[in-house]
Amino acid sequence: MILCTTIDELRAYIRAYRTEHPDALVGLVPTMGYLHEGHASLIRRSAAECGLTVVSLFVNPLQFGPGEDFDRYPRDPERDAALSAAAGADVLFMPSVEEMYPRASATRVLVSGVTERLCGASRPGHFDGVGTVVSKLFHIVLPDRAYFGMKDAQQVAVIVTMTEDLNFPIEIVPCETVREADGLAMSSRNVYLSEQERREAVVLSQALSRADGWLREGLDASETTARVREHIGSAPLADIDYVDVLRFPELTEPAPGERLAPGQRWIAAVAVRFGRTRLIDNRIFSGDEVAAHV
Ligand code: PAF
């Protein structure tokens, strides 16, 4: 695996690779580092499908709001390099903030609609930062495929929308959330949790699994939301930011009394604070599967 810290050296390397291997695919796995098994699974998938896998590691200041955890976001570039290489990355792109934003950037990529609810509502400006940095990475790497984890399902919806709207010739590959043995979705931020917070954090995935049963029983979106809230609220340290059940990938609200029907997909998505740590998780339900169980 080679390490590139500048855009010029990364572009030169990819250009040379494409000249030598004109039919090979280039895969991109964008990350903010502090990699875990979830990231490793994206890198392995790209390495299995593409001739060249580029992992980007950049803690993007543009997607953090005032008072959020940009400064204390966990960083361990040496461990990340070892994990990336072991998972099959060919290139690790680790630019500085100055390399990515040499001047106050006057341009933003704003995606509307799918950013209105969930993290788009509770972290204003977050997806403007994500859209902007991901489109910069797309322009820099010019990959054929880009791999994203479904733990950030709204991010996937934003990036798919942006890719289609801006005609990026890139296939977005959503990959399943990787979980700890007790169900907690893997996240770089899990490292912040105290022992008790870590024990209680399992309520997120539990509540989302139960939502599956509630939707199969025929509860509507608001009844399911209330039950998910109640379950998460049973953990004394859980401070709910949002719980929502929406159509996926549109992220719009189902009508009152409407039931998940064949041909539809709904998402139950949650964001919950434990102390200073904000965790997100989600689960997607297919109306076809619900119908098969009635
Ligand atoms: O999911 C992340 O880690 C980040 O939002 C991403 C896609 C790397 C953009 O900074």
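From GLU289, GLU253, which residue is part of a helix (DSSP H, G or I) and surrounded by 14 or more Cβ atoms within 10 Å (Cβ to Cβ)? Give the steps one after another, and end with the answer.
Details: GLU253 fails: part of a helix (DSSP H, G or I).
Criteria check complete, one pass: GLU289.
When the residues of region 38-63 are narrowed to those that are touching a Leu at 6+ places or on another chain (Cβ under 7 Å) and surrounded by fewer than 19 Cβ atoms within 10 Å (Cβ to Cβ), which ends up farthest from ALA181 (Cα to Cα)?
Step one: filter region 38-63 for residues touching a Leu at 6+ places or on another chain (Cβ under 7 Å), giving 40, 49-51, 54-57.
Narrowing the set further to residues that are surrounded by fewer than 19 Cβ atoms within 10 Å (Cβ to Cβ) leaves 49, 51.
Numbers: GLU49: 27, GLY51: 32 Å.
Checking each candidate, the answer is GLY51.
Suppose the filter is assigned to a helix (DSSP H, G or I), surrounded by fewer than 19 Cβ atoms within 10 Å (Cβ to Cβ) and touching a strand residue (DSSP E or B) at 6+ places or on another chain (Cβ under 9 Å); does ARG210 pass it? Give the steps one after another, and end with the answer.
Numbers: assigned to a helix (DSSP H, G or I): yes; surrounded by fewer than 19 Cβ atoms within 10 Å (Cβ to Cβ): yes; touching a strand residue (DSSP E or B) at 6+ places or on another chain (Cβ under 9 Å): no.
Here the answer is no, as ARG210 does not meet what is asked.
List the number of the failed condition for TYR147; all other conditions in (1) modelled with pLDDT under 95; (2) surrounded by 19 or more Cβ atoms within 10 Å (Cβ to Cβ) hold.
With respect to (1) modelled with pLDDT under 95; (2) surrounded by 19 or more Cβ atoms within 10 Å (Cβ to Cβ), TYR147 is out only on (1).
Out of ARG179, ARG210, ARG199, I need the residue that is more than 13 Å from the ligand (Cβ to nearest atom), free of Cβ contacts under 8 Å to residues at least 12 places away in the same chain and either basic (Lys, Arg) or closer than 25 Å to ALA226 by Cβ (or both). Which one? If you could, list the steps in order and put the result at the bottom.
Numbers: ARG179 fails: free of Cβ contacts under 8 Å to residues at least 12 places away in the same chain; ARG210 fails: free of Cβ contacts under 8 Å to residues at least 12 places away in the same chain.
The conditions single out ARG199.
Consider ILE240 carefully, then state whether it is over 20 Å from the mean Cα position of the chain (by Cα) and aliphatic (A, V, I, L, M).
Details: over 20 Å from the mean Cα position of the chain (by Cα): no; aliphatic (A, V, I, L, M): yes.
No; evaluated as a whole, the condition is false for this residue.
Condition check: at positive phi, within 14 Å of the ligand (Cβ to nearest atom) and in a loop (DSSP other than H, G, I, E, B). Does GLY65 satisfy that? Step through it out loud before you land on a result.
Working: at positive phi: no; within 14 Å of the ligand (Cβ to nearest atom): yes; in a loop (DSSP other than H, G, I, E, B): yes.
The answer is no for GLY65.
When you check ARG75 against the structure, is it closer than 30 Å to TYR242 by Cβ and within 15 Å of the ligand (Cβ to nearest atom), yes or no?
Values: closer than 30 Å to TYR242 by Cβ: yes; within 15 Å of the ligand (Cβ to nearest atom): yes.
Spelling it out, ARG75 is indeed closer than 30 Å to TYR242 by Cβ and within 15 Å of the ligand (Cβ to nearest atom).
Would you be able to tell me the number of residues in region 253-294 that are touching a residue at least 60 places away in the same chain (Cβ under 8 Å) and of a type outside the set (D, E, K, R)?
Counting residues in region 253-294 that are touching a residue at least 60 places away in the same chain (Cβ under 8 Å) and of a type outside the set (D, E, K, R) gives 17.
The values are calculated or read from the model by the stated rules, or taken from the named source; none is laboratory data. Computed from a predicted structure; not experimentally measured. With ideal geometry, Cβ positions are generated from the backbone for all residues, glycine too; neighbour counts draw on all protein chains shown.
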